[in-house]
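Take a look at the structure set out below.
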Amino acid sequence: MRKDDLRRQTRQTKRQFTPQQLEELSLPVISRLRPLLAEAQTIMAYYSLPDEVNTHVLIDELVAEGKTVLLPKVTGDDTMELRRYTGRADLQEGSYHILEPVGECFTDYAAIDLILVPGIAFDAAGHRLGRGRGYYDRFLRTMGTVPAVRSAADYRGTVPRVRTLGVCFDFQKVDEVPVDAFDIPVDQVI
(Lines give C-alpha, C1' and ligand atoms only; values in the text may rest on other atoms or scores of the structure.)
Protein backbone atom coordinates (compact mmCIF):
# COMPACT_ATOMS: atom_id res chain seq x y z
CA MET A 1 0.00 0.00 0.00
CA ARG A 2 1.25 3.48 -0.79
CA LYS A 3 1.73 6.09 1.95
CA ASP A 4 -1.06 8.33 0.65
CA ASP A 5 -3.46 5.38 0.54
CA LEU A 6 -2.61 4.40 4.11
CA ARG A 7 -3.06 8.01 5.28
CA ARG A 8 -6.45 8.17 3.57
CA GLN A 9 -7.53 4.81 5.00
CA THR A 10 -6.51 5.79 8.54
CA ARG A 11 -8.28 9.16 8.31
CA GLN A 12 -11.46 7.37 7.19
CA THR A 13 -11.20 5.02 10.16
CA LYS A 14 -10.73 7.94 12.56
CA ARG A 15 -13.86 9.63 11.18
CA GLN A 16 -15.91 6.65 12.40
CA PHE A 17 -15.29 7.78 15.98
CA THR A 18 -16.78 10.75 17.78
CA PRO A 19 -14.46 13.09 19.69
CA GLN A 20 -15.74 11.49 22.92
CA GLN A 21 -14.94 7.99 21.63
CA LEU A 22 -11.42 9.08 20.65
CA GLU A 23 -11.00 10.53 24.13
CA GLU A 24 -12.04 7.19 25.64
CA LEU A 25 -9.72 5.29 23.27
CA SER A 26 -6.87 7.54 24.46
CA LEU A 27 -7.14 6.39 28.07
CA PRO A 28 -5.65 2.88 27.71
CA VAL A 29 -2.85 4.22 25.49
CA ILE A 30 -1.91 6.83 28.09
CA SER A 31 -2.11 4.15 30.81
CA ARG A 32 0.41 2.00 28.89
CA LEU A 33 2.61 5.04 28.33
CA ARG A 34 2.79 6.35 31.92
CA PRO A 35 5.13 3.66 33.37
CA LEU A 36 7.56 4.20 30.48
CA LEU A 37 7.90 7.86 31.46
CA ALA A 38 8.60 7.26 35.15
CA GLU A 39 12.40 7.40 34.94
CA ALA A 40 12.61 10.14 32.30
CA GLN A 41 13.28 13.67 33.55
CA THR A 42 13.29 15.55 30.22
CA ILE A 43 10.63 14.49 27.74
CA MET A 44 9.90 15.74 24.25
CA ALA A 45 6.17 15.33 23.78
CA TYR A 46 3.54 16.80 21.47
CA TYR A 47 0.33 18.68 22.16
CA SER A 48 -2.16 16.41 20.47
CA LEU A 49 -4.56 17.32 17.70
CA PRO A 50 -8.23 16.34 18.05
CA ASP A 51 -7.70 13.16 16.00
CA GLU A 52 -4.64 11.97 17.97
CA VAL A 53 -4.24 10.18 21.28
CA ASN A 54 -4.97 12.96 23.75
CA THR A 55 -1.75 14.01 25.49
CA HIS A 56 -3.00 17.22 27.13
CA VAL A 57 -3.64 15.90 30.62
CA LEU A 58 -0.54 13.70 30.54
CA ILE A 59 1.86 16.54 29.76
CA ASP A 60 0.30 18.72 32.46
CA GLU A 61 0.78 15.86 34.93
CA LEU A 62 4.42 15.48 33.86
CA VAL A 63 5.02 19.19 34.49
CA ALA A 64 3.30 18.91 37.89
CA GLU A 65 5.69 16.04 38.73
CA GLY A 66 8.61 18.39 38.10
CA LYS A 67 9.65 16.91 34.77
CA THR A 68 10.88 19.09 31.93
CA VAL A 69 8.42 18.85 29.03
CA LEU A 70 9.44 20.05 25.59
CA LEU A 71 7.05 20.61 22.71
CA PRO A 72 7.86 21.17 19.05
CA LYS A 73 7.25 24.46 17.27
CA VAL A 74 7.24 24.66 13.49
CA THR A 75 9.68 27.36 12.40
CA GLY A 76 9.68 26.96 8.62
CA ASP A 77 8.56 24.81 5.72
CA ASP A 78 10.74 21.95 6.87
CA THR A 79 12.04 22.82 10.32
CA MET A 80 10.89 22.75 13.91
CA GLU A 81 12.51 23.57 17.23
CA LEU A 82 11.77 22.69 20.82
CA ARG A 83 10.30 24.98 23.45
CA ARG A 84 9.83 24.29 27.13
CA TYR A 85 6.22 23.79 28.22
CA THR A 86 5.22 24.85 31.73
CA GLY A 87 1.45 25.08 31.31
CA ARG A 88 -1.34 25.88 28.91
CA ALA A 89 -0.59 29.58 29.07
CA ASP A 90 2.57 28.73 27.09
CA LEU A 91 0.53 27.77 24.03
CA GLN A 92 -0.74 29.73 21.06
CA GLU A 93 -1.99 28.71 17.66
CA GLY A 94 0.87 28.21 15.23
CA SER A 95 1.45 26.51 11.91
CA TYR A 96 -1.30 24.25 10.63
CA HIS A 97 -3.60 25.53 13.44
CA ILE A 98 -1.63 23.48 15.97
CA LEU A 99 -1.24 24.82 19.49
CA GLU A 100 2.49 25.39 19.90
CA PRO A 101 4.65 26.57 22.80
CA VAL A 102 5.89 30.16 22.94
CA GLY A 103 8.48 29.70 25.70
CA GLU A 104 12.22 29.80 25.37
CA CYS A 105 13.97 27.68 22.76
CA PHE A 106 15.53 24.46 24.09
CA THR A 107 18.69 23.21 22.38
CA ASP A 108 20.32 20.89 24.94
CA TYR A 109 19.29 17.78 23.03
CA ALA A 110 21.67 15.60 25.05
CA ALA A 111 19.46 16.24 28.09
CA ILE A 112 16.40 14.65 26.47
CA ASP A 113 15.61 11.25 27.96
CA LEU A 114 12.62 10.26 25.85
CA ILE A 115 10.71 11.43 22.78
CA LEU A 116 6.99 10.82 22.19
CA VAL A 117 6.29 10.71 18.48
CA PRO A 118 2.82 11.02 16.94
CA GLY A 119 1.88 9.30 13.71
CA ILE A 120 -0.86 8.30 11.34
CA ALA A 121 0.16 4.63 11.40
CA PHE A 122 2.89 2.42 12.88
CA ASP A 123 4.00 -1.15 12.30
CA ALA A 124 5.59 -3.65 14.69
CA ALA A 125 9.09 -2.79 13.40
CA GLY A 126 8.61 0.82 14.53
CA HIS A 127 8.14 2.25 11.07
CA ARG A 128 6.02 5.37 11.23
CA LEU A 129 3.76 7.12 8.79
CA GLY A 130 3.47 10.79 9.61
CA ARG A 131 1.29 13.48 8.10
CA GLY A 132 3.63 13.77 5.15
CA ARG A 133 5.77 16.81 5.87
CA GLY A 134 8.77 14.97 7.36
CA TYR A 135 9.23 17.26 10.37
CA TYR A 136 9.94 14.51 12.89
CA ASP A 137 12.28 12.55 10.61
CA ARG A 138 14.34 15.66 9.84
CA PHE A 139 14.32 16.77 13.46
CA LEU A 140 15.53 13.42 14.78
CA ARG A 141 18.36 13.49 12.27
CA THR A 142 19.38 17.09 12.92
CA MET A 143 19.42 16.68 16.69
CA GLY A 144 22.02 13.98 16.19
CA THR A 145 20.03 10.97 17.30
CA VAL A 146 20.55 8.97 14.12
CA PRO A 147 22.60 9.04 10.94
CA ALA A 148 21.03 8.93 7.48
CA VAL A 149 19.82 5.33 7.20
CA ARG A 150 17.81 3.00 5.04
CA SER A 151 15.99 0.91 7.66
CA ALA A 152 15.57 0.35 11.36
CA ALA A 153 18.10 -2.46 11.24
CA ASP A 154 20.70 -0.08 9.81
CA TYR A 155 20.82 2.11 12.87
CA ARG A 156 19.42 0.32 15.90
CA GLY A 157 22.22 -0.22 18.35
CA THR A 158 24.83 1.61 16.29
CA VAL A 159 24.54 5.14 17.70
CA PRO A 160 23.83 6.21 21.28
CA ARG A 161 20.59 8.09 21.03
CA VAL A 162 17.36 9.15 22.67
CA ARG A 163 14.64 6.53 23.09
CA THR A 164 11.59 7.17 20.92
CA LEU A 165 8.04 5.98 21.57
CA GLY A 166 5.38 6.04 18.87
CA VAL A 167 2.00 6.98 20.29
CA CYS A 168 -1.19 5.92 18.52
CA PHE A 169 -4.60 4.35 18.86
CA ASP A 170 -4.65 0.57 18.53
CA PHE A 171 -6.44 0.82 15.17
CA GLN A 172 -3.45 2.78 13.84
CA LYS A 173 -1.18 -0.24 14.23
CA VAL A 174 -0.84 -1.89 10.82
CA ASP A 175 1.00 -4.87 9.38
CA GLU A 176 3.40 -2.77 7.33
CA VAL A 177 4.14 0.91 6.87
CA PRO A 178 5.79 1.80 3.56
CA VAL A 179 9.22 3.32 4.21
CA ASP A 180 11.66 5.51 2.35
CA ALA A 181 15.37 5.95 2.99
CA PHE A 182 14.80 9.11 5.06
CA ASP A 183 12.13 7.64 7.38
CA ILE A 184 13.23 7.19 10.99
CA PRO A 185 11.54 4.35 12.92
CA VAL A 186 10.66 4.57 16.59
CA ASP A 187 11.97 2.19 19.25
CA GLN A 188 8.58 1.12 20.54
CA VAL A 189 4.94 1.66 19.58
CA ILE A 190 2.53 2.24 22.45
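The values are calculated or read from the model by the stated rules, or taken from the named source; none is laboratory data. From a predicted model like this one, the values you see are computed outputs, not experimental measurements. Cβ placement follows ideal geometry from the backbone for every residue including glycine, while neighbour counts extend to all protein chains displayed. Each accessible area value is taken on the protein alone, full model and side chains, heavy atoms only, with ligands, DNA and RNA left out. Shrake-Rupley method; radii C 1.70, N 1.55, O 1.52, S 1.80 Å.
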> What's the FRET efficiency of A125 with E104 using the Cβ-Cβ distance as r and R₀ = 30 Å, to the nearest 0.05?
Replying inline: 0.25
> Computed FRET efficiency, Cβ-Cβ of Q92 and Q9, R0 41 Å: what is it to the nearest 0.05?
Replying inline: 0.80
> With the calculation restricted to Cα positions, what are the radius of gyration and Dmax of the stretch 36-146 in angstrom?
Replying inline: 13.4, 37
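Ranked from the most accessible area to the least, with a 1.4 Å probe and all protein chains present, what is the order of M1, M80?
On the way: M1 140, M80 25 Å².
Greatest to least solvent exposure: M1, M80.
Averaged per residue, what accessible surface does the chain expose to a 1.4 Å probe, in Å²?
Working: 9530 Å² over 190 residues.
Per residue, the chain has 50 Å² of solvent-accessible surface.
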> Can you list the lysines whose alpha carbon sits under 28 Å from that of K14, skipping same-chain ones fewer than 8 residues off?
Replying inline: K3, K73, K173
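Quick check: with the 1.4 Å probe, what order do S95, S26 take by accessible area, largest first?
Values: S95 40, S26 5 Å².
Greatest to least solvent exposure: S95, S26.
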> How much of the accessible area of the chain, probe 1.4 Å, is carbon plus sulfur, in whole percent?
Replying inline: 51
>> Ranking request for peptides 179-187, 12-20: highest mean number of other beta-carbon atoms within 10 Å first, then the rest in descending order.
In response: 179-187, 12-20
> What Kirkwood hydrodynamic radius, in Å, does the chain give when the mean of 1/r is taken over all pairs of distinct Cα atoms and then inverted?
Replying inline: 16.9
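Hey, what number do you get for the chain at 222 nm if only DSSP H runs of n ≥ 4 count, each worth -39500 (n - 2.57), divided across all residues, to the nearest 500? Intermediate results must be reported in sequence, preceding the final value.
On the way: 5 runs with 52 residues, N = 190.
It comes out at -8000 deg cm²/dmol, rounded to the nearest 500.
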